[in-house]
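See structure below.
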Amino acid sequence: MKLSLHEIAGVVGALNDISKFEDFPIHAIEFDSRKISSGDLFLPLKGTRDGHEFIPTAFENGAVATFSRIELDDVPHILVKDPLTAFQTLAKYHLEKMGVDVIAVTGSNGKTTTKDMIHDVLATSYKTYKTQGNYNNEIGLPYTALHMPDDTQKIVLEMGQDHLGDIDLLSRIAQPKIAVLTLIGEAHLEFFGSREKIAQGKMQIVNGMAKDGTLIAPADKIINAYLPENQKVVRFGPDQDIFLTELVERKDSLSFVVNFMDGLIELPVTGKYNATNAMLAAYVGQLEGVADEDIRSALKHLELTKNRTEWKKASNGADILADVYNANPTAMKLILETFLTIPANEGGKKIALLADMKELGADSVQLHNNMIMAINPEDLDYLICYGEDIAGLAQLASQMFPLGKVYYFKKTDQEDQFEDMVKQVKQLLGPNDQILLKGSNSMHLDKVAQALEE
């Protein structure tokens with residue numbers, strides 16, 4: 001990071017006389033005092049405890065300065081009204097100073113996978129950095145920007161939202177050259193109330209976009225009212241600006257062609273939604289001048305962030321399709337569609353374990369019940385439901401499936417039948433079977449996968 005103490009103080013508008021402290025280079029900025037190394041600047045944030053309590057520890061661990069809301073004695077500090085706001089201001093300045101091209105990615109589903117794919121495509125031709133893990137909020141995005149290597153040419157920043165205005169803030173920090181919107185789904189309906197509000201929030205990704213920037217967005221009419229008037233907009237979907245055809249899905253791979261480049265694109269993952277994500281990555285690659293053969297090679301050998309859609313092996317040989325990082329109705333329908341399309345193993349059963357989808361608001365029970373439309377007893381041997389709001393789905397399914405093919409296990413404040421559920425899964429799962437695990441992260445289906453693997 002090519003920033004010095006006095007430079008940072010000037011950028012964030014320090015309220016104290018920084019000249020009384022020696023100017024020296026800052027190696028990195030950390031908000032966790034345990035991660036501080038020699039030469040770092042400490043960022044005290046408000047959490048369960050006030051980060052200012054850890055300023056002494058940060059200096060003991062090698063910090064050479066700190067942001068602070070209060071005047072400090074004897075240690076170099078940059079006095080600001082709000083350390084987080086100063087951190088965000090600095091991240092915006094740093095991106096501008098380094099002249100890096102920003103590709104921003106958001107969406108109710110697929111944003112992390114699309115981010116990974118875009119990174120891998122661009123990395124064939126440029127020094128490229130990306131959001132690490134799920135650092136996609138008001139702290140994580142500026143942290144990513146300030147931790148990119150100094151030789152970075154392209155940075156792919158994921159943008160998440162929990163409330164209206166989150167994406168607006170992130171876009172104004174990042175000022176993207178290219179913005180990608182994967183999908184408008186039902187994620188965080190509890191906070192937004194409707195898909196229209198979700199669309200409004202996601203479309204704020206253009207608020208900080210460069211004047212010559214490009215927005216890549218789905219052909220969903222719900223976003224039409226929020227499209228920018230003076231920027232390039234590329235729509236994707238059937239009969240749109242960009243689209244895919246000749247999709248072939250397999251258990252652990254897929255292939256397709258797109259209308260804007262020659263040749264077959266192959267992916268080492270399944271799911272037609274991943275084909276769409278890869279198409280977006282390929283188009284971004286083309287916009288940035290990456291050769292077609294490099295695009296195809298990157299996608300054929302891509303490595304995705306863990307805990308997204310992933311095939312695992314149970315200890316008895318059964319196949320586990322784990323998609324346990326998060327869940328909303330759109331995502332659950334998509335993964336069910338993929339799972340039910342994949343041919344069963346010879347002599348094997350197909351089992352789906354579905355758990356509660358969180359943050360769906362007042363309509364949560366009905367949205368869970370609606371999942372019945374994505375379930376076909378002819379393609380699924382057993383359905384296991386785990387949670388509270390999903391109880392109605394289990395009841396509806398029991399009217400469709402033969403007796404004994406649907407199981408329901410509670411997870412409420414009063415009772416959690418997790419262990420009973422895992423025991424039942426182990427009893428049902430044969431060595432030739434396939435099982436889908438899908439639910440919100442807080443339902444801990446990753447522990448089910450771990451139990452089956454062990």
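Overview of values
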{"quantity": "Whole-Hz ³J(HN,Hα) from phi, Karplus 6.51 cos²θ - 1.76 cosθ + 1.60, for the stretch 144-160, glycine and proline x", "calculated": "4, 4, 8, 10, 5, x, 5, 9, 4, 9, 10, 10, 9, 10, 7, 10, x"}
{"quantity": "Separation of alpha-carbon centers, the stretch 403-454 and the stretch 116-171, rounded to whole Å", "calculated": "34 Å"}
{"quantity": "Which of Tyr135, Met279, Gly99, positive extreme of dipole for the stretch 99-301 (C-beta unit charges)", "calculated": "Tyr135"}
{"quantity": "Note, ³J(HN,Hα) from phi for the stretch 350-361, Karplus 6.51, -1.76, 1.60, rounded to Hz, x at Gly and Pro", "calculated": "10, 10, 10, 10, 10, 10, 3, 9, 8, 6, 9, x"}
{"quantity": "Dipole of the chain [Lys/Arg +1, Asp/Glu -1 at C-beta], most positive-end residue of Ala327, Gln366, Phe24", "calculated": "Gln366"}
{"quantity": "Gyration tensor over alpha-carbon atoms, the stretch 99-301, equivalent ellipsoid semi-axes in Å", "calculated": "24, 20, 16"}
{"quantity": "Rounded to 10°, Cα long-axis angle of helix 329-341 versus longest principal axis of the chain", "calculated": "50 degrees"}
{"quantity": "Probe 1.4 Å, all protein chains present, accessible-area order of Lys81, Lys312, largest first", "calculated": "Lys81, Lys312"}
{"quantity": "Cα-based equivalent ellipsoid, the chain: semi-axes from gyration tensor eigenvalues, Å", "calculated": "42, 27, 20"}
{"quantity": "Whole-Hz couplings from phi, Karplus 6.51/-1.76/1.60, listed for the stretch 295-300; x for Gly and Pro", "calculated": "4, 4, 5, 4, 6, 5"}
{"quantity": "Over the chain: helical MRE at 222 nm, DSSP H runs n ≥ 4 each giving -39500 (n - 2.57), nearest 500", "calculated": "-9000 deg cm²/dmol"}
{"quantity": "Anisotropy class of the stretch 281-372 from Cα gyration tensor, a/c 1.5 cut", "calculated": "oblate"}
{"quantity": "His77, His147, ranked by accessible area, largest first (probe 1.4 Å)", "calculated": "His147, His77"}
{"quantity": "Only Lys, Arg (+1) and Asp, Glu (-1) charged, at Cβ; the chain dipole about Cα centre in debye", "calculated": "520 debye"}
{"quantity": "Ordering of 197-207, 130-140 by burial proxy (mean other Cβ atoms within 10 Å per residue, highest first)", "calculated": "197-207, 130-140"}
{"quantity": "Relative contact order [Cα under 8 Å, 6+ residues apart], the stretch 3-82, whole percent", "calculated": "27 percent"}
{"quantity": "Accessible carbon and sulfur surface of the chain relative to its total accessible area, %, 1.4 Å", "calculated": "46 percent"}
{"quantity": "Accessible area in square angstrom per residue, the chain, 1.4 angstrom probe", "calculated": "43 Å²"}
{"quantity": "Per-q log10 I(q)/I(0), the stretch 3-82, q = 0.13, 0.19, 0.25 Å⁻¹ (Debye; single scatterer per alpha-carbon; no solvent)", "calculated": "-0.33, -0.72, -1.28"}
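The values are calculated or read from the model by the stated rules, or taken from the named source; none is laboratory data. Being a predicted model, the structure only gives us computed values, none of them experimental. As a convention, Cβ positions derive from the backbone with ideal geometry for all residues, glycine included, and neighbour counts pool all protein chains shown. In case anyone asks, the SASA skips ligands and DNA or RNA and just uses the protein heavy atoms, side chains included. Shrake-Rupley method; radii C 1.70, N 1.55, O 1.52, S 1.80 Å.
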